[in-house]
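Working notes, beginning with the structure itself.
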Amino acid sequence: DTGVSQNPRHKITKRGQNVTFRCDPISEHNRLYWYRQTLGQGPEFLTYFQNEAQLEKSRLLSDRFSAERPKGSFSTLEIQRTEQGDSAMYLCASSLGLAGRAEQFFGPGTRLTVL
Amino acid sequence: AQRVTQPEKLLSVFKGAPVELKCNYSYSGSPELFWYVQYSRQRLQLLLRHISRESIKGFTADLNKGETSFHLKKPFAQEEDSAMYYCALSGISFQKLVFGTGTRLLVSP
């Protein structure tokens, strides 16, 4: 499968613990996006990278959230001191090109449950 | 601010009936509109985008700038069309997708 992959697919954690998710984009895609989706809502933008540079962060991304894409390939999203409100599906997408209008290809998501 | 509104959470039709999933948007610039679809147990995938003016799986969507709408239509629904449909907006001034809340289409035999 040459599509976007995400690991783990499911994560259950206790409140206050730290979690880290990984996203592997389609090879050679220069842009990588993170979105969050809660029940009954559409995906909401969190942040995006162009190569290794993080160019935009949503106000939804509190100080407890950090994302990296160190070599311009895979990306990690870390949530520190998780809260129950962090429970959601975390989606990664990648695209090729400089324009924001390029088609984004989505991964299967990581479902986070905070107990 | 950019905003996408999908007024229907659920649309239920019989096989062979026409389908129209509504999408309205708010954006002051020149938008690009998309329809993404998520079939059961599958990932979100692009169905169509207004700039390509294609018909995909029998679906079409026309951008109406006067009414700020991008409704998705299909003349004869099929059971395999049952899925979650999201309308999304992008623009030259912002580098992300803004999604609506989605409409679940259920096509019954």
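Structure values in brief
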{"quantity": "Residue in the range B:36-48 that is surrounded by 17 or more Cβ atoms within 10 Å (Cβ to Cβ), within 12 Å of the chain's Cα centre (by Cα) and over 23 Å from A:Arg36 (Cβ atoms) present", "calculated": "yes"}
{"quantity": "Pairs, first within 15 Å of A:Leu112 (Cα to Cα) in the range A:64-85, second among the hydrophobic types (A, V, I, L, M, F, W, C) and assigned to a loop (DSSP other than H, G, I, E, B), C-beta under 8 Å, six or more apart", "calculated": "A:Gln84/A:Leu115"}
{"quantity": "All positions within the range B:53-102 that are of a type in the set (A, V, I, L, M, F, W, C), touching a strand residue (DSSP E or B) at 6+ places or on another chain (Cβ under 7 Å) and under 30 Å from A:Asn51 (Cα atoms)", "calculated": "B:Cys87, B:Ala88, B:Leu89, B:Leu97, B:Val98, B:Phe99"}
{"quantity": "Condition check for A:Gly3: within 14 Å of another protein chain (Cβ to nearest Cβ), closer than 21 Å to B:Leu44 by Cβ, outside any strand (DSSP E or B) and touching a Lys or Arg at 6+ places or on another chain (Cβ under 8 Å)", "calculated": "yes"}
{"quantity": "Any strands (runs of 3 or more DSSP E) falling wholly within the range A:30-111 and containing at least 1 residues that are buried (at least 17 other Cβ atoms within 10 Å of the Cβ) and away from chain B (no Cβ under 13 Å)", "calculated": "A:65-68, A:75-79, A:88-95"}
{"quantity": "Those residues of the range B:9-35 which are surrounded by 16 or more Cβ atoms within 10 Å (Cβ to Cβ) and either modelled with pLDDT under 95 or charged (D, E, K, R) (or both), in sequence order", "calculated": "B:Lys22, B:Tyr27, B:Pro31, B:Glu32, B:Leu33, B:Phe34"}
{"quantity": "Residue list for the range B:60-109, restricted to those being in a strand (DSSP E or B) and without any contact (Cβ under 8 Å) to a residue 40 or more places away in the chain", "calculated": "B:Thr60, B:Ala61, B:Asn64, B:Gln95, B:Lys96"}
{"quantity": "Set B:Arg41, B:Arg53: member being more than 13 Å from B:Gly100 (Cβ to Cβ), part of a loop (DSSP other than H, G, I, E, B) and more than 14 Å from chain A (Cβ to nearest Cβ)", "calculated": "B:Arg53"}
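The values are calculated or read from the model by the stated rules, or taken from the named source; none is laboratory data. Here the structure is a predicted model, which means the values were calculated and not measured. So basically every Cβ, Gly included, is an ideal-geometry build from the backbone, and we count neighbours across all protein chains shown.
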